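Participant: One structure, as structure tokens, below. Some questions next.
The values are calculated or read from the model by the stated rules, or taken from the named source; none is laboratory data. No experiment lies behind these values; they were computed from the predicted model shown. All Cβ positions, glycine included, derive from the backbone under ideal geometry; neighbour counts span all protein chains shown.
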Amino acid sequence: MAQYQVPQFIEVEDRIIGSLTLKQFLYLAFAGAILFVLWFLFNFYIWIIVALPIAVLAAAFAFLKINDRPFVYFFLAIVKYFTKPKLYIFSSAPKEAPKEQMSKKKEAESPKIIENKITPSKLKELALKLDAGR
């Protein structure tokens, strides 16, 4: 019977280039390539203004984690939120709280408890009313 080695630490990405993972390196390299091209298109002062946000965004993509998740997921959620159409509906009547709605729904569904005890005289009276209605 052959023995196989089970991989461990599969959640941790491999360090490919120095202390950077492949994704981190690609984020930084892509930003560096954009900044290199922009260096030849703009004068120095405009390049600084354009380069700072690109460099900060690339560093955030490469190194920042929010709630132990990469910044990319957070950024995509922001983009989706701002590009998704929104529909706001104004209603002058205030909505009920969900707990109040649930309690009213339970009251409507639950059988009503009759507190009056049925006595033989009330039963005869009810039968008389029903017979008279025919």
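Participant: Being loosely packed, with under 13 Cβ neighbours inside 10 Å, of a type in the set (Ser, Thr, Tyr) and closer than 16 Å to residue 24 by Cβ narrows it down to one of 88, 45, 81, 73, so name that one. Even if it seems obvious, please write down each step before you answer.
Facilitator: Numbers: 88 fails: closer than 16 Å to residue 24 by Cβ; 45 fails: closer than 16 Å to residue 24 by Cβ; 81 fails: closer than 16 Å to residue 24 by Cβ.
Unique residue meeting the criteria: 73.
Participant: Right, another one. Out of the residues in the stretch 33-65 that are in contact with a Phe, Trp or Tyr (Cβ under 9 Å, 6 or more places away or on another chain) and of a type in the set (Gly, Ala, Ser), which is farthest from residue 20 (Cα to Cα)?
Facilitator: Result: 51.
Here is a yes/no grid of residues against (1) more than 28 Å from residue 68 (Cα to Cα); (2) loosely packed, with under 13 Cβ neighbours inside 10 Å; (3) touching a Leu at 6+ places or on another chain (Cβ under 7 Å):
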| position | (1), (2), (3) |
| --- | --- |
| 1 | yes, yes, no |
| 11 | no, yes, no |
| 18 | no, yes, no |
| 25 | no, no, no |
| 30 | no, no, no |
| 38 | yes, no, no |
| 41 | yes, yes, no |
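Participant: Listed residues 23, 86; which is in contact (Cβ under 8 Å) with a residue 12 or more places away in the chain and not small (Gly, Ala, Ser)?
Facilitator: Numbers: 86 fails: in contact (Cβ under 8 Å) with a residue 12 or more places away in the chain.
The match here is 23.
Participant: Restricting attention to the stretch 1-44, and to residues there that are at pLDDT 80 or above and of a type in the set (D, E, K, R), which single residue is farthest from residue 55 (Cα to Cα)?
Facilitator: Selected residue: 15.
Participant: What residue, of 62, 51, is surrounded by 15 or more Cβ atoms within 10 Å (Cβ to Cβ), in contact with a helix residue (DSSP H, G or I) (Cβ under 6 Å, 6 or more places away or on another chain) and free of Cβ contacts under 8 Å to residues at least 40 places away in the same chain?
Facilitator: Only one candidate qualifies: 51.
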